[in-house]
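The values are calculated or read from the model by the stated rules, or taken from the named source; none is laboratory data. Computed from a predicted structure; not experimentally measured. Neighbour counts run over all protein chains shown; Cβ positions are idealised from the backbone, glycine included. The area values use the complete protein model at the heavy-atom level, side chains included, leaving out ligands, DNA and RNA. Shrake-Rupley method; radii C 1.70, N 1.55, O 1.52, S 1.80 Å.
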Amino acid sequence: MPSATITTSTAANPPTISAETKLQNQKQDRQRQLKRQQQINRLLPYLLTVPYIIGVLWTTLHPIVSVITGELKCRGSYIDENGLDVHRHRVTSYPLQRVELPLLLGGADTLSATRYRNGMCASIISKRIPISPSIECYHHRATDAIAFDIVRILPAMGPIIESAEAIVIVVGEQDTQHRLEEDKTYDNANGDWYDRSDMNASIMHMIQKLGNKETCPWLTKNVFIVSPVLHEGNAPIEKGSSTDLADAVDAFIASYTGSTNINVRPLPPDFSYPMIRSLLVLSDVPTPPYSFTNHHTEVRILPQGKGGTLPNLDLVFTTQLSFQSQPASEAKRISTVYYGDSEFRVHPYRELEMNIRKRLEILGTVGVGLEKLFGWKEGRAKNAVDRYAKDFGGWLGFIKSLVVGTTQPHSSALGHGIDSLTIEVRIPINPSDPDSTYPFIHPHYADITRCIEHLLRSISNLHERLHHSIAQYTMPSPATFVSHGEYIIPAILVSLPLVVRAAMLALRDISRFRFQFVSSVLAAVILASFIIGLWTTTFDWGVNTVLFPASYVFVIWATLKSANGIQSQYMYDEHSYQNSLRFAACLLGVYLHVPLLLANYSLGFPSSAFWSPLLAIFVVPFSTPMPIGKSSESTTSKRLKGLIYIATSPPIILVPRIFESYTSYVLVVYTPLHLLLLSLWLL
């Protein structure tokens, strides 16, 4: 019986696949890859634009929406140990009239008539107000140009352990030197610091009160009150108190901390041993007389320091809550600065806030239409729009002051890790009102001093070494804030296009990247940026007219030279040079903006919102392969890119229109990205 033969395939002998089948499989793979690539290309514009738009819209809604709390409002007052204590006490009202001078300082008191002339110490020595002997006033000549008087107030009934912490209040006037030259009544030696301004008179009353253990038994920290001195004897010192006030704070901090600067004289040990925990600068800004258009008292609580630094948030809100407090004695609410005809801000840009509110008035008209359409309560939508416009303008002012605002007097204290802020006071005086002219004290000045005492009592009960708070925030208004955890999310969304573009290029084209070309261009950009930074710190001439044009020429030459040297004449179809350089530009943009967003959001967010579209979103579609340095791009597109590039050049857009000088941001972040953009648009 014949046997049947059965043939089986083994692993050693796999079934053969015909060449035709292989070609068909490869064709299917290419089709699938092409289809996947087409899907990614269709999805890419949404991945780039949608997060950016959401981030921008989310940011504009900060004043009325809080995702952290899930409420349709901005977060309210930040409450901590200090805030909990603010409402537990009240402070009595301060006098509204000066004390008459009982005796004159004459030739018998040579020291007070020369060394202390026109200063706070002269007013104390004049004995116009009975002040506790425990209060000492010391005249300190910090430098040849800056002198100040410093009053030391020790706790009357402090803890068993000697107080090791101090609070400093710096009192000064803006543009006092100009007023001093016009008003010769300041040239007398009769303790005129007390007569010079209502603010000084009220501060003198506070000094008297703080030195009394019966009226202020709660004081547990040393209090130093510093006032710049305008005169040394019969001659004015080289500077008044307007740069003045900032220079006085700088000199005080340097003298207190024992600066190694040989030009700054240190304070005596008795006036410099406690640790300064809080510093308040009380700045009285001269204001035009009271009129129909100028009748609001304006109080600015300014926490902004150099480089986006801020004090702990609790100090800002404790200050604001202290202004909201009521005096212990029966008084009309209108006599208090907060409940009277006053405006409170946390930024110095009143005109910006008013312009934003005016531009958004049209939204109020829309709100009225919505009220009629949906039958809402009359005024509800319009009031909401008005509130948003005010807070949005305030929020922009706060951010602007962190980025390009003038340096506040307390900035040097923030640089030493001391919680500090500046309180600017603008009070229009009505000359026809007898209660607002000498010897009377304007009620708002007296009430501001009462609020300062209220603030001292609130922050005097806490040992700051054990204290924790928030130091990264923005504020739409004095009563609301946006925390770091809130604003960092839309900031990430705005920066996301850079990450998406870099990731897409890396996944799709990394095998065709021209790393040697990119390295050459980056080396040229870094070298040009380094030379610009070195030049700006050494010389003051030729930066805009010589250095930047020469840098552009150098980067153009380096880009074309590197590309032509690495590859003969033509690019591949995938435009590997543009892809490689764009990947490097997006990656550099991410690495430069991430630390900037974490450290200084007010500067990092506008920068990221500016560079994300230029580097990642606005990409001209690839055309047919062309020689290096040439393109099938239209002439109109080339001219438009050239105009945009010139308009965004640092000498055109940034310095001095936005920044007064070439800051670290301009040299380290903006300039390298701008030079890299030139190489990218050149190809």
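For region 242-258, how many residues meet the condition of being among the hydroxyl-bearing types (Ser, Thr, Tyr) and either modelled with pLDDT of 90 or more or over 22 Å from residue 421 (Cα atoms) (or both)?
2
Based on this model, can you work out whether residue 427 counts as closer than 30 Å to residue 306 by Cα, out of contact with any His (no Cβ under 7 Å at 6 or more places or on another chain), touching a residue at least 60 places away in the same chain (Cβ under 8 Å) and among the hydrophobic types (A, V, I, L, M, F, W, C)?
No; evaluated as a whole, the condition is false for this residue.
Are any residues in region 17-74 assigned to a loop (DSSP other than H, G, I, E, B) and over 17 Å from residue 476 (Cα atoms), and if so, which ones?
Passing the criteria: 17, 18, 70.
Does residue 678 meet the test of being open to solvent by 20 Å² or more (accessible area, probe 1.4 Å), in contact with a Gly (Cβ under 7 Å, 6 or more places away or on another chain) and not hydroxyl-bearing (Ser, Thr, Tyr)?
It is false that residue 678 is open to solvent by 20 Å² or more (accessible area, probe 1.4 Å), in contact with a Gly (Cβ under 7 Å, 6 or more places away or on another chain) and not hydroxyl-bearing (Ser, Thr, Tyr).
Checking the conditions here, which among 519, 562 is polar (S, T, N, Q) and open to solvent by less than 50 Å² (accessible area, probe 1.4 Å)?
562
Which of the residues that make up region 647-661 are closer than 16 Å to residue 535 by Cα, open to solvent by less than 40 Å² (accessible area, probe 1.4 Å) and not in a helix (DSSP H, G or I)?
655, the sole residue that qualifies.
If we keep just the residues of region 293-327 that are outside any helix (DSSP H, G or I), in contact with a Gly (Cβ under 9 Å, 6 or more places away or on another chain) and of a type in the set (S, T, N, Q), which is farthest from residue 282 (Cα to Cα)?
Only one residue fits best here, namely 309.
Of the residues 441, 429, only one is closer than 30 Å to residue 201 by Cβ and open to solvent by less than 20 Å² (accessible area, probe 1.4 Å); which?
441 is the lone residue from the list that is closer than 30 Å to residue 201 by Cβ and open to solvent by less than 20 Å² (accessible area, probe 1.4 Å).
So, in region 271-286, of the ones that are farther than 21 Å from residue 136 by Cβ and outside any strand (DSSP E or B), which residue ends up most open to solvent (accessible area, probe 1.4 Å)?
Among them, the one singled out is 286.
Just to confirm my filter: which helices (runs of 4 or more DSSP H) fall fully inside region 88-200 and include at least 3 residues that are open to solvent by 50 Å² or more (accessible area, probe 1.4 Å) and at pLDDT below 80?
In region 88-200, 110-114, 176-182 are the helices (runs of 4 or more DSSP H) which contain 3 or more residues that are open to solvent by 50 Å² or more (accessible area, probe 1.4 Å) and at pLDDT below 80.
Tell me whether region 495-512 contains one or more residues that are at pLDDT below 90, closer than 22 Å to residue 173 by Cα and open to solvent by 10 Å² or more (accessible area, probe 1.4 Å).
No: zero hits.
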